[in-house]
Amino acid sequence: MRKLRNTVAVLAAATALGGLGISTAVAAPPAAPARIMESPTPDCADRGGRAPCYEYRTWFWTFANCEEYVRNHEVDPAKYDGHVCAVFTNGATVGLWYHKYRD
């Protein structure tokens, strides 16, 4: 019961902050492709770099290498809001794309 009251209190405080115009939420990352076998679309190369689009960054031998790279290399949060690691070069490698939401 105490846990429930604490949860309600936290939610009420977050709602009050939202009412003051203070945002506590972070934008949700873009949806990944339907399957990891598909490159994300739209590709920035096809749109002249205009956001929103997925910007190809590089490739890796494994998904683990791709995710490790993302964890260890920061990107500009004012420009990108997520990433996708997906099968690349007909399944031989894994490609990394960043979701560009702002030019």
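The values are calculated or read from the model by the stated rules, or taken from the named source; none is laboratory data. None of these values were measured; they are calculated from a predicted model. Glycine also receives a Cβ, built like all others from the backbone with ideal geometry; neighbour counts cover every protein chain displayed. Quick note on the areas: whole protein, heavy atoms, side chains included, nothing else; ligands and nucleic acids left out. Shrake-Rupley method; radii C 1.70, N 1.55, O 1.52, S 1.80 Å.
For the reader, a short list of remarks on this structure follows.
- Protein-only accessible surface order, largest first, of 93, 62 at 1.4 Å: 62, 93
- Each residue of the stretch 74-83 is assigned a 3J(HN,Hα), and the resulting list reads 7, 10, 5, x, 7, 10, 10, 10, x, 8 Hz, derived from the Karplus form 6.51 cos²θ - 1.76 cosθ + 1.60 (θ = phi - 60°), x at Gly and Pro.
- Near residue 67, once Lys and Arg are set to +1 and Asp and Glu to -1 for all other residues with Cβ below 15 Å from its Cβ, the sum equals 0.
- Spacing of the two label points (7 Å from each Cα toward its C-beta) at residue 38 and residue 61, in nm: 3.0
- Phi to ³J(HN,Hα) by Karplus 6.51 cos²θ - 1.76 cosθ + 1.60 over the stretch 53-70, Hz, x for Gly, Pro: 6, 9, 9, 5, 10, 6, 10, 9, 7, 9, 5, 4, 5, 4, 5, 5, 4, 4
- Under 5 Å from the amide H of residue 83 lie the amide H atoms of 99, each residue being 5 or more positions distant or on a separate chain, with H modelled from the backbone and absent for Pro and chain starts.
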